[in-house]
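All of the numbers you see were taken from the coordinates with simple rules; none came from a lab. Computed from a predicted model, the values in this text were never measured in an experiment. Neighbour counts are summed over all protein chains in view; Cβ atoms, including those assigned to glycine, are modelled from backbone coordinates with ideal geometry.
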Amino acid sequence: MADETSVTLAGSFQSLLGCSADWMADCEATSLQSTDQEGQYSLEVEVPAGNYEYKVALNKSFDTSYGLDGGEENIPLALSADSRLRFTFDTATGLTQVVPLDLRGEYSDTDAELVAAPVRQAGSGEQFYFVLTDRFANGSTANDTGGLEGDRLTTGFDPTDKGFYEGGDIAGL
């Protein structure tokens, strides 16, 4: 990638972050700064709640820009609350990472509904065994192909090749 002289976060929220308009590839208010990691640029901003789209523009122009998965498509951003975010762009991959810097609020009783206690019961000291029945005897050939017809790539069944199903089942265990 060519030497970048500037990296700008451009999108539908720029006017809310101090730019005179949205989608400005040359707005200093949303310019990412070089980090101590070579080829990485970062910006921390407070973004109001809302639905947005953005991408990274290089050298104050959309001639070279990176969106979703490093492609041309804009990256969607949906925020249910005002959020402080760190945007980091990596010139080697063309990808942008977004990290929330402050998760709002303390744990409350309403959060308890989202977290269930682990299932505990008398006898929880029991041991569980996981058995790969396929490696045991084939007690019933009726279930070898799983109701599918065709070759081993379709059914997965080939007892001559350890990379495929060998026919073992619970009846053979």
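Sorting 8-18, 150-160 by average packing, meaning the other beta carbons within 10 Å per residue, from highest down gives 8-18, 150-160.
Remark: LYS60, LYS162, LYS55 ranked as LYS162, LYS60, LYS55, counting other beta-carbon atoms within 10 Å and listing the fewest first. As a proxy for reagent exposure, ranking VAL7, VAL131, VAL56, VAL98 by other Cβ atoms within 10 Å from fewest up yields VAL131, VAL98, VAL7, VAL56. All other residues whose Cβ lies under 14 angstrom from that of PHE164 are scored, Lys and Arg at +1 and Asp and Glu at -1, for a net of -3.
Ranked by how many other Cβ atoms sit within 10 Å of their own Cβ, fewest first, the residues GLU166, GLU72, GLU149, GLU53 fall in the order GLU149, GLU72, GLU53, GLU166.
Working from label points 7 Å from Cα in the Cα-to-Cβ sense, the ALA29 to GLU44 distance is 2.0 nm.
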